[in-house]
Amino acid sequence: MNAASHSVIDPVELTRDLIRIPSVTPADEGAMDVLERALTGLGFTCRRMVFEGPSGVGHDARIENLYARRGTASPNLCFAGHTDVVPIGDLKAWSAGPFEGETRDGVLYGRGAVDMKGGIAAWVAAVSRVLSQGEIEGSLSFLITGDEEGPALHGTKRVVQTLAAEGEVIDACVVGEPSSAHHLGDMIKVGRRGSLNTWITVFGKQGHVAYPDRAANPAPVIARLLARIDAHVLDEGYPEFPPSNLEITTIDVGNPATNIIPAEAKARLNIRFNPTHTGDGLIDWLNREAGALQAETGLRIELEHMCSGEAFLTEPGVFVGAVQDAVEAVLGRRPEASTTGGTSDARFIRALCPVLELGLVGQTMHQVDERVPEAELRALTDAYERVIATVLERLKP
């Protein structure tokens, strides 16, 4: 297909089309169909990748994913994102329908406007502009999931595993998460902390509080364990990262009575860790602490762990510099390279290639009345267009 025959896509209208689909995780509701139609029209070969399995939240999930590529030459510049969105919350609190895509005073409202249907639409529109000017040297690809806002077990993680097993080569990836803090292009994310969740159960023996010798109280034991691990200093930080932090998120004995020693005590914690640690290393430490206290008290302690991603950092270099130069040239500000924030699917993509995040201002993501100025969507499209050209040029073999 001749590149000049492609129509230029309007990022606002594509964002609106995507917002109007209520793709709350794990439902797709046709969001991938909208995106696939746009990419097919631009000459991409689209591959739907559907994965099923336990969701981690009590039921099985069926997740729609899409990998699309145009071209076979190197370098292959990929854009990654997600079409799923978080729930709307209180519908009555919205001033505009969360799935209507209404524009008021130049601002587009709707769930996913910022996180991250707007980012996807802006990159697709930027690609359409690039292709309207002629064929590119290299390849462009999209890695889109419907499972980023959920457990993330059958989305980007499994797509990456599949592509790696097949030998697919991606040279660099831009994730369209809303990375900008206050002004468009003021920040890119070049790394993320890892995240480890741990569930703790201490098994005692239920009994009457007046006869403690006939029971075994697990509550003091879990309190001792939590105090011990909470007092431990994980590290003092890592270059480009803050110190790792451990947060106790729940403590529960499930005991409504005042005169019963409970049979079990449970707790949950989360560790956000920098590259000083690995998930396995932290799991070993927690298991050792629990094992030591079990030996001291004689009460059985069980731990379950789920590491949702390791810490990573994309070092300064050609790719990061190309993106910063492109953004500065278009928007007039050089983005700060940051590792702040939570986790994203970049934690999986790092296994394939260097990855960073560049997107809209994230002030209203996940909020009631999530919204984006239409002018900001168009400005991001301008920046993405320059990013595509600059990265492909500088990564040429």
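The values are calculated or read from the model by the stated rules, or taken from the named source; none is laboratory data. Being a predicted model, the structure only gives us computed values, none of them experimental. Ideal geometry is used to build each Cβ from the backbone, glycine not excepted, and the neighbour counts take in all protein chains shown. Heavy atoms of the whole protein, side chains included, go into the accessibility calculation; ligands, DNA and RNA do not. Shrake-Rupley method; radii C 1.70, N 1.55, O 1.52, S 1.80 Å.
A few comments on the model shown:
- Once region 40-68 is narrowed to residues that are among the small types (Gly, Ala, Ser), modelled with pLDDT under 95 and open to solvent by 30 Å² or more (accessible area, probe 1.4 Å), the residue that is nearest to Val391 (Cα to Cα) is Gly56.
- Strands (runs of 3 or more DSSP E) wholly inside region 160-271 that include at least 2 residues being at pLDDT below 95: 194-203
- Residue list for region 1-15, restricted to those being open to solvent by less than 30 Å² (accessible area, probe 1.4 Å) and under 23 Å from Gly101 (Cα atoms): Pro11, Val12, Leu14, Thr15
- Any chance Gly281 is buried (at least 18 other Cβ atoms within 10 Å of the Cβ) and either in contact (Cβ under 8 Å) with a residue 24 or more places away in the chain or not polar (S, T, N, Q) (or both): no
For every residue, the table says whether it meets (1) buried (at least 24 other Cβ atoms within 10 Å of the Cβ); (2) of a type in the set (Lys, Arg); (3) in contact (Cβ under 8 Å) with a residue 12 or more places away in the chain.
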| position | (1), (2), (3) |
| --- | --- |
| Arg70 | no, yes, yes |
| Asp90 | no, no, yes |
| Glu102 | no, no, no |
| Lys117 | yes, yes, yes |
| Leu140 | yes, no, yes |
| Gly146 | yes, no, yes |
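- When region 185-214 is limited to residues that are open to solvent by 20 Å² or more (accessible area, probe 1.4 Å) and among the aliphatic types (A, V, I, L, M), the one that is farthest from Val85 (Cα to Cα) turns out to be Ala210.
- Among all residues of region 17-39, there is none that is among the hydrophobic types (A, V, I, L, M, F, W, C), open to solvent by 10 Å² or more (accessible area, probe 1.4 Å), touching a Lys or Arg at 6+ places or on another chain (Cβ under 7 Å) and under 24 Å from Pro151 (Cα atoms).
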